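Report on the structure given below.
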Amino acid sequence: MSPAGTGDDNAAPRTGRRHFLIGVGVIAGGIAAGQLLRPYLVGGRDSAPKEFQPHAFVRIGADDRITVIIGKSEMGQGIYTGLPMILAEELDVNPQRLAVEIAGVDPAFNHPFLPAQFTGGSMSVMSTYEALRRVGASARRMIVQAAASEWGVPAAELRTEDGVVFAPDGRSATYGKFVEAASALPVPAKDSVALKNRAEFRYIGKPQRRLDSRIKVNGAAQFGIDVDLPNMLVAVVARPPQFGASVRSFDASQAKAVRGVVAVKQVPSGVAVIAEHTWAALKGREACSPRIKATRSLRSMRHVARSTSNTSCLTLHTRAWSRSTPWLGLKTIAAKCGSAHRVNRKTHNS
């Protein structure tokens, strides 16, 4: 139960250089994927008669359906329950009533300090905690203001509980009744909206059933692999077996001879085989044998691994690639050179 205008802000967890570096590493590793697809993971979206959407994160229908839009990927870590809980706390709605929708490509869902949508580095809650709370609080405030105008009572005298607005004289109505009037109001500045004190939390920090369990168990959840569009093609990529290597050349004729293969194209990460279905794409990739061009680093490492002449094996050749090669890699090469060879650790940092 929340009065219409009390509470104070709670500082969100701070970000730092460590999290920035983690974020960059996550993007570099290719974890920022999957945002081009928009299946509805938790509950299908039915068109509501009228909707109130004060922010990209939340949508409230006149039928009282409340949808939280999440720009993160659920990979078992529970964020499709945890993140909606944060917004629901300030919106004053039981999280179990919420539907969750995967966000499309939209800058509104970018990471706070990186211009990209991605999931990783254990940063989903940390990076969206304050934003989700403020969105929930703003939406609730606008609903309360709309109710105050309709009922002719001060907003401060109204209270909310689990998606219902209550007046001192006993009147009450669900949020859905006020979506049209709330949509006409200006969205308040984020710093002007008071957040709850931790002592007022009803959902954050309390056990909740996962919102996505049922549909994952019964098979109703939709994922990227479930997408099937008319005339859709499937592509797989034959990538170089070593990090940093590239494709020197390839012969597409054998891959194209596989029934169902439509095209074979070189892409920055390797050679893409495009086919009518997954099996044809995989068989086409097997038939495609691209010639790989190793980088200078890889050539140096191979030369070191082959050399068994003397202890200068590593000392002479690590300078070309040690800046980008982990110390573990040096020890691996040393083992290949033979037990008589030693790694000069100083050369790794030179």
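Rule-based calculations on the coordinates, nothing more; no lab input. Predicted model only: the values in this text are computed from it and were never measured. Note that we place each Cβ from the backbone using ideal geometry, even for glycine, and neighbour counts take in every protein chain shown.
From the residues in the range 146-159 that are part of a loop (DSSP other than H, G, I, E, B) and not small (Gly, Ala, Ser), which one is nearest to Phe52 (Cα to Cα)?
Residues of the range 146-159 part of a loop (DSSP other than H, G, I, E, B): 152-154, 158.
Those still in the list that are not small (Gly, Ala, Ser) too: 153-154, 158.
Details: Val153: 22, Pro154: 22, Leu158: 20 Å.
Per the criteria, the residue is Leu158.
Among the criteria (1) among the hydrophobic types (A, V, I, L, M, F, W, C); (2) crowded, with 17+ Cβ neighbours inside 10 Å; (3) closer than 27 Å to Arg210 by Cα, the one Ala146 does not fulfil is (3). Among the residues of the range 126-155, those that are polar (S, T, N, Q) and either within 20 Å of Glu89 (Cβ to Cβ) or touching a Pro at 6+ places or on another chain (Cβ under 7 Å) (or both) comprise Ser127, Thr128, Ser138, Gln145.
Among the residues that make up the range 98-108, is at least one of them assigned to a helix (DSSP H, G or I) and either touching a strand residue (DSSP E or B) at 6+ places or on another chain (Cβ under 6 Å) or free of Cβ contacts under 8 Å to residues at least 24 places away in the same chain (or both)? Looking for residues that are assigned to a helix (DSSP H, G or I) and either touching a strand residue (DSSP E or B) at 6+ places or on another chain (Cβ under 6 Å) or free of Cβ contacts under 8 Å to residues at least 24 places away in the same chain (or both), one finds at least one in the range 98-108, hence yes. The lone criterion from (1) hydrophobic (A, V, I, L, M, F, W, C); (2) in contact with a Gly (Cβ under 8 Å, 6 or more places away or on another chain); (3) without any contact (Cβ under 8 Å) to a residue 40 or more places away in the chain left unmet by Ile70 is number (2). Tallying residues that are surrounded by fewer than 21 Cβ atoms within 10 Å (Cβ to Cβ), of a type in the set (Val, Ile, Thr) and closer than 21 Å to Val165 by Cβ within the range 58-116 yields 0. Hey, does the range 160-176 have a residue that's touching a Ser or Thr at 6+ places or on another chain (Cβ under 8 Å), among the acidic types (Asp, Glu) and assigned to a strand (DSSP E or B)? There is at least one residue in the range 160-176 that is touching a Ser or Thr at 6+ places or on another chain (Cβ under 8 Å), among the acidic types (Asp, Glu) and assigned to a strand (DSSP E or B). When you check Ala103 against the structure, is it more than 23 Å from Ala173 (Cα to Cα) and either touching a Phe, Trp or Tyr at 6+ places or on another chain (Cβ under 7 Å) or not aliphatic (A, V, I, L, M) (or both), yes or no? Yes: the conditions hold for Ala103.
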